[in-house]
C-alpha cells in the first residue's frame, strides 16, 4: 500500500488537472466561444440565449474565449470634421456597443480591444459622412439628435455584418471650433445676427408704415362719412326750421371765433351778434 501511494497521488493530481481543464464557468454577463484547433465548435450564453453556469470542454484540446455581454463604451475625442459651410469643428463622441454575434466577432476582430479599434475607425468615417453634409450650427445645436441617429444607423449597417456587434447609442458630447479660428467664427456669427436683426427691423418699419397709412386712410374715410352725414342732418334740420338752423350756426361761430380773453371790435348792430341783441333773431 505504501509503495502504491505515490502512484495514487500522481493519479489524483492528474485527474484533478484533467477535471480543471474540462470545465469552465460562464457568468450571466459574459458569453463564450469554444475553439478546437482554432475552429469554433460552440457559442455559449450568446445574445438571445440564457446559458450561464458550468460547462464542459475537451481537456487540453478546446480553448475557451470569454467576451463581455454588456454594453461597452467607446470614447472618440478630438475628431476633426469639416461641415458643409467649411467651418472646421472638433467633435468628441461616445459610442455604446455590444457583441451581438460572438462567432463573427471572433472571426473578424478576435479580441474586444481589436473590435473597439475597428469600430472606432468605422465611427470616425460615419461621423465625417453624416456631419460633412450638415452646417456647423446644425452640429453644435440645431440638428444634433438627428445627426447622432444617422451616425448610429450608418454604423449598424456595416458593424452588424462586418464585426458581429451592435451599436446601441451614439452621443456627440461636444462640438466646438478650434481655438485658432474661434474668434473669427464668432465675429462672422455676430455679423450675420446683426444683418438678420437689421432686416427684421426694416420689415417692421415697412409694416408699421403700411399700417399707419391704412389707418389714416380709414380715419379720413370715416371722418368724411361723418361730415357728410352731419351735413345731411343739418340740411334736413335747416329745411324744417331755418330760424333754428341760423341760430345754431351762429352759436357754432361764436364758439369757434371767440376765445377767452380775446378782444373783438364789432359794431353793436352787426348781424354777427344779432342773437345777443334780442331774445329772438329776426
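The values are calculated or read from the model by the stated rules, or taken from the named source; none is laboratory data. Quick caveat: nothing in here was measured; it's all calculated off a predicted structure. Please note: Cβ atoms are built from the backbone with ideal geometry, for glycine as well, and neighbour counts cover all protein chains shown.
Please determine, by comparing only the residues of region 135-145 that are surrounded by fewer than 20 Cβ atoms within 10 Å (Cβ to Cβ) and touching a helix residue (DSSP H, G or I) at 6+ places or on another chain (Cβ under 8 Å), which one is nearest to residue 169 (Cα to Cα). Restricting to residues being surrounded by fewer than 20 Cβ atoms within 10 Å (Cβ to Cβ) and touching a helix residue (DSSP H, G or I) at 6+ places or on another chain (Cβ under 8 Å), the top hit is 144.
Sort out which residues of region 64-79 are exposed (fewer than 15 other Cβ atoms within 10 Å of the Cβ) and in contact with a helix residue (DSSP H, G or I) (Cβ under 7 Å, 6 or more places away or on another chain), and write them in order of number. Across region 64-79, the qualifying residue is only 68. For the criterion of being surrounded by fewer than 15 Cβ atoms within 10 Å (Cβ to Cβ), in contact with a strand residue (DSSP E or B) (Cβ under 7 Å, 6 or more places away or on another chain) and at pLDDT 90 or above, residue 169 passes. The set of residues in region 22-43 that are surrounded by 10 or more Cβ atoms within 10 Å (Cβ to Cβ), closer than 15 Å to residue 65 by Cβ, out of contact with any helix residue (DSSP H, G or I) (no Cβ under 9 Å at 6 or more places or on another chain) and in contact (Cβ under 8 Å) with a residue 24 or more places away in the chain comprises 24, 25, 26, 27, 30, 34, 36.
Within region 60-92, the set of residues being under 13 Å from residue 30 (Cβ atoms) and touching a strand residue (DSSP E or B) at 6+ places or on another chain (Cβ under 6 Å) comprises 64, 65, 66, 67, 69, 72. Take the conditions in a loop (DSSP other than H, G, I, E, B), touching a helix residue (DSSP H, G or I) at 6+ places or on another chain (Cβ under 7 Å) and over 30 Å from residue 129 (Cα atoms) and apply them to residue 46. Does it pass? Judged against the criteria, residue 46 is a match. Taken over region 123-134, residues that are assigned to a helix (DSSP H, G or I), touching a residue at least 40 places away in the same chain (Cβ under 8 Å) and surrounded by fewer than 18 Cβ atoms within 10 Å (Cβ to Cβ) amount to 3. Given the condition under 30 Å from residue 32 (Cα atoms), out of contact with any strand residue (DSSP E or B) (no Cβ under 7 Å at 6 or more places or on another chain) and at pLDDT below 95, answer yes or no: does some residue in region 126-144 qualify? Yes, the conditions are met somewhere in region 126-144.
For every residue, the table says whether it meets (1) part of a strand (DSSP E or B); (2) at pLDDT below 85.
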site	(1), (2)
173	yes, no
196	no, no
202	no, no
213	no, no
216	no, no
256	no, yes
266	no, yes
269	no, yes
279	no, yes
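Residues that are at pLDDT 90 or above, surrounded by fewer than 15 Cβ atoms within 10 Å (Cβ to Cβ) and at positive phi occur at least once in region 88-110.
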